[in-house]
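The values are calculated or read from the model by the stated rules, or taken from the named source; none is laboratory data. Since we're looking at a predicted model, the values are computed, not measured. Cβ sites come from the backbone with ideal geometry, for glycine too, and all protein chains shown count toward neighbours.
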């Protein structure tokens, strides 16, 4: 199963009350690779990406993280990343941010590094024009803050 499908299912299971405030991370999970080449979602009580990247301006997997983690999935009140989310990408993981606005429909923004630049890994057709503009500003700021001229900044 693709990680984007997993995160969609992940968000649908969340109670709407957990997504009621602005910029709140309801929960995060690991996408792990399996020996048969598939992916599975492993929810975590110890993975708090938004808190980590905004408070400490660093990102590291918790000590209990699965060794075969390939991506991080977070359910938030907004599908838009924060600039500090680039730290997840710098650590070598893809990032899927999902938001459910009506309890049935999920919007997923997928970020990855390509040639040392933050890029969107999929279409943003489900976002409003305003969200697309905000997303581009955030991606531009991520690149300006953490990556310049193809070289990673510390």
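Of note:
- When residues of the range 37-55 are limited to those that are in contact with a strand residue (DSSP E or B) (Cβ under 6 Å, 6 or more places away or on another chain) and part of a helix (DSSP H, G or I), the one modelled with the lowest pLDDT: 50
- Qualifying residue in the range 81-94 (condition: under 19 Å from residue 41 (Cα atoms) and at pLDDT below 90): no
- Qualifying residue in the range 108-129 (condition: closer than 18 Å to residue 41 by Cα, at pLDDT below 90 and surrounded by 15 or more Cβ atoms within 10 Å (Cβ to Cβ)): yes
- Cβ-Cβ contacts under 7 Å between residues 6 or more apart (or on different chains), taken from a first residue in the range 9-36 that is on the phi > 0 side of the Ramachandran plot and part of a loop (DSSP other than H, G, I, E, B) to a second residue that is buried (at least 21 other Cβ atoms within 10 Å of the Cβ) and modelled with pLDDT under 55, are absent.
- Test: residue in the range 58-79 that is assigned to a loop (DSSP other than H, G, I, E, B), modelled with pLDDT under 90, at negative phi and surrounded by 19 or more Cβ atoms within 10 Å (Cβ to Cβ): yes
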